[in-house]
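Below is one structure, written out as structure tokens, with a few remarks after it.
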Amino acid sequence: MAGERYYKQVAEDVVTRLKAGKILDLGTGPGHLPIEIARSSTAIVVVGIDLSAKLIEAAKRNALRAGLEKRIHFQTGNASSLEFPDGSFDMVISTGMLHMLRNPVKVIEEIYRVLKPGGEAWIYDPARISSQISPREWRASLSLRERLTFKLFQLFARINRPREYHREQVTELVSQTPFRTSEIAEQGGEIRLTLLK
Ligand SMILES: C[S@@+](CC[C@H](N)C(=O)[O-])C[C@H]1O[C@@H](n2cnc3c(N)ncnc32)[C@H](O)[C@@H]1O
């Protein structure tokens, strides 16, 4: 998780990859990523879900403030038992949620189920290894509001026994799911897992 520039960059990568269609953002928090995606493309509809009703309310307010509420749908939900039918999405994305999950394999199986054949999932998560950003540099990239939000997330994460995954552990998780094609990249202190259905 990081500042506004980070979400803009991820959104740009997403809209470069997917010209039109439907995207699901898992663990959307206050909705920064769906908002940036909707800003970058009018041909994409984004659905953002999160366990926290409070964060979903905040995400809805943020979308309204940005004037993008018609193209983004925020709802509470659990990534390990999604309410969507099989093959509903062209793409599934997630930033900073993987390490919080009690049952990541179940979540990756659910991602597989809701993706259309040929669909793609991008899962970004903090990496314990090869962090390239100093904590000071990272903090400087955040607005005051984002810093406060992050403090809240830290508190939440501590309660939920967070983990950070090594590359090998992520490979092992994916091997227990139906995904046969995956790629793991490390950049800017994060792991980016790409899964192809
Ligand atoms: C570190 S925050 C990242 C939020 C957002 N993606 C961002 O980058 O700003 C992780 C989020 O995942 C959510 N979360 C954790 N477990 C979840 C689950 N099983 N289903 C849905 N959301 C979950 C938390 O409520 C939290 O909002």
For region 49-61, does any single residue satisfy the condition of being in contact with a Lys or Arg (Cβ under 9 Å, 6 or more places away or on another chain), assigned to a helix (DSSP H, G or I) and aliphatic (A, V, I, L, M)? no
Considering region 91-113 alone, what residues qualify as being in contact (Cβ under 8 Å) with a residue 60 or more places away in the chain, under 13 Å from N78 (Cβ atoms) and either assigned to a loop (DSSP other than H, G, I, E, B) or aromatic (F, W, Y) (or both)? M97
Can you tell me which residues in region 39-52 are under 17 Å from T95 (Cβ atoms) and more than 15 Å from the ligand (Cβ to nearest atom)? R39, S40, I44
Residue, nearest to the ligand (Cβ to nearest atom), within region 53-96, restricted to residues that are within 15 Å of the chain's Cα centre (by Cα) and of a type in the set (S, T, Y): T95
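May I ask you to say which residue of S40, S52 is within 28 Å of Q176 (Cβ to Cβ) and hydroxyl-bearing (S, T, Y)?
Values: S40 fails: within 28 Å of Q176 (Cβ to Cβ).
Just a single option satisfies the conditions, and that option is S52.
Quickly run through region 8-36 and pick out the residues that are near the ligand (Cβ under 10 Å from one of its atoms), at negative phi and touching a residue at least 40 places away in the same chain (Cβ under 8 Å). Can you show your working first?
Step one: list which residues in region 8-36 are near the ligand (Cβ under 10 Å from one of its atoms), which gives 10, 25-34.
From what's left, at negative phi: 10, 25-26, 28, 30, 32-34.
Across region 8-36, the qualifying residues are V10, D25, L26, T28, P30, L33, P34.
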Flag for L148 being modelled with pLDDT of 75 or more and assigned to a helix (DSSP H, G or I): yes
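Restricting to region 99-116, name every residue that is of a type outside the set (D, E, K, R), closer than 20 Å to R17 by Cβ and either within 12 Å of the ligand (Cβ to nearest atom) or out of contact with any Pro (no Cβ under 7 Å at 6 or more places or on another chain) (or both). Reasoning before the result, please.
Residues of region 99-116 that are of a type outside the set (D, E, K, R), as a first pass: 99-101, 103-105, 107-108, 111-112, 114-115.
Now restrict to residues that are closer than 20 Å to R17 by Cβ: 108, 111-112, 114-115.
If the condition is that a residue be of a type outside the set (D, E, K, R), closer than 20 Å to R17 by Cβ and either within 12 Å of the ligand (Cβ to nearest atom) or out of contact with any Pro (no Cβ under 7 Å at 6 or more places or on another chain) (or both), then I108, I111, V114, L115 are the ones that fit.
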Test: residue in region 27-46 that is surrounded by fewer than 21 Cβ atoms within 10 Å (Cβ to Cβ), within 15 Å of the chain's Cα centre (by Cα) and of a type outside the set (A, V, I, L, M, F, W, C): no
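The values are calculated or read from the model by the stated rules, or taken from the named source; none is laboratory data. Predicted model only: the values in this text are computed from it and were never measured. Using ideal geometry, Cβ is built from the backbone for each residue, glycine included, and neighbour counts are taken over all protein chains shown.
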